[in-house]
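A short worksheet on the structure shown next.
We did not get these values from a lab; they are worked out from the coordinates using the rules stated. In this text the structure is predicted, and so the values were computed from the model without any measurement. Cβ placement follows ideal geometry from the backbone for every residue including glycine, while neighbour counts extend to all protein chains displayed.
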């Protein structure tokens, strides 16, 4: 087996990034982290997220900074013939093109898959849209819309409250990861056959896939899930519980864990609670019994006790607290991309070495380098 180069497993792969906002840039950042050369082609106004402030760092939106490290930026106007010619030259030298224009939006520029693959059948071309390229082609691809129509908001929030979105654009991220998976599969197939492929990803399909057991409840079980707040439809106890000072999450996934929980908190459970089905049928009684026992100690004390007993539990932390815990656990979650603090790439390798992350680029910062690469200087 060939040892991956020190530049990363994807060293030598060139990605023309014609995407903006989140799903596409997240995808291309993951590829860049793994060693691919990513050329981010932006409009003269730049990716919109550059101006999505607050919050910001040194005048750049932290939203933009979160998904654009390990890239080179060149600003080109597709409507200007000379600039469009440069875009085409970049694409002609790329192994992978990633774009999230509305379906059909690149046809007039000759940058659509059909046009490019006719001349370069080895090209791997990834299209990310909101709702696919058929009946939903005209719908704008915003994550909030996907959360609304997929059913995610119908299962998020308290039972007597309003439908609620997740606190991050989760389906943009999932779609970006699906695009990475498709691109890597297409590159592998190209190694075997010499042919590229058109990888198509959309937010709604990614959302339905990401709904996993909730979607399966409907399509396989005929059950329309509803909002349960922080509870789980099939597991119990699996939600936050109030301790003496604040809440602690307890996540029991099997009967043995519940037995350890009962022992750790000094609870003598009803015999019917020994099975998951029994606990689900007696949720109110199980919850009341646990709350009574948990009131004796603070959440941090219970976390230590339950962790020692092998019971899945966690304090409810802020994002800062989550970063601090990851540091405490030795996960080194924060690294520097240039002088910009960033969340470390989440994949570790035993043999491959990932390149040091590079700071997200200023708009058009790499024009000279890209033109030199194209032989223009």
The range 78-130: Kirkwood hydrodynamic radius (Cα pairs, Å) comes out at 11.4 Å
Dmax and Rg, reported as Rg then Dmax, of the range 283-377 (C-alpha, Å) | 23.3, 75
Length released on extending from residue 115 to residue 274, taking residue separation times 0.36 nm less the Cα-Cα span | 51.0 nm
Inter-part distance where the range 132-156 and the range 195-250 are each reduced to a Cα centre, Å | 16 Å
Highest-first arrangement of 295-306, 146-157, where packing means the average Cβ count within 10 Å = 146-157, 295-306
Percent antiparallel among DSSP beta bridges confined to the range 1-152, rounded to 5, stands at 10 percent
Stretch gain in nm, segment residue 48-residue 219, where the contour uses 0.36 nm per residue and the Cα spacing is subtracted = 57.8 nm
The range 325-377 to the range 20-95: how many Å between their Cα centroids?
-> 14 Å
Rg and Dmax [Cα atoms of the range 198-247; Å; Rg one decimal, Dmax integer] = 15.7, 56
So how do 30, 276 line up by other beta-carbon neighbours within 10 Å, fewest first?
-> 276, 30
Calculated FRET efficiency for the pair residue 371/residue 328, C-beta based, R₀ 56 Å, to 0.05 = 0.75
For q = 0.24 Å⁻¹, Debye-computed log10 I/I(0) when each Cα of the range 1-76 counts as one equal scatterer = -1.05
Return the distance in nm (one decimal) between the two label points of a simple spin-label model at residue 245 and residue 84, each offset 7 Å from Cα along Cα→Cβ.
-> 6.4 nm
The Rg/Rh figure for the range 181-305, Cα atoms and Kirkwood Rh, to two decimals is 1.20
Sort 214-227, 72-85 for me by packing, meaning the mean count of neighbouring Cβ atoms within 10 Å per residue, highest on top.
-> 72-85, 214-227
Which value in deg cm²/dmol, rounded to the nearest 500, describes the helix-derived mean residue ellipticity at 222 nm for the chain, given -39,500 (n - 2.57) per DSSP H run of n ≥ 4 and division by the residue count?
-> -11000 deg cm²/dmol
Taking the Cβ of each residue in 208, 371, 317 as the centre, tally the other Cβ atoms inside 10 Å and list the residues starting with the fewest.
-> 317, 371, 208
Per-bin percent of Cα-Cα distances, the range 41-165 [5 Å] | 2, 9, 13, 16, 17, 17, 12, 7, 4, 2, 1, 0
Bin all alpha-carbon pair distances of the range 132-204 at 10 Å intervals from 0 and give each bin's fraction as a whole percent.
-> 19, 35, 27, 14, 4, 1
With an 8 Å cut-off on Cα pairs and a minimum separation of 6 or more residues, tell me the relative contact order of the chain in percent.
-> 19 percent
Stretched fully, the stretch from residue 364 through residue 347 gains (0.36 nm per residue minus C-alpha distance, one decimal, in nm) 3.2 nm
Listing 158, 66 by rising number of other beta-carbon atoms within 10 angstrom, fewest first, gives 158, 66
Hey, with R₀ at 41 Å, roughly what FRET efficiency would residue 102 and residue 162 work out to, going by the Cβ-Cβ distance, to 0.05?
-> 0.85
A student asked for the Cα radius of gyration and Dmax of the chain in angstrom ought to give 24.5, 79
Just need the relative contact order of the range 176-242 here, percent rounded to a whole number, with Cα pairs under 8 Å and 6+ apart.
-> 17 percent
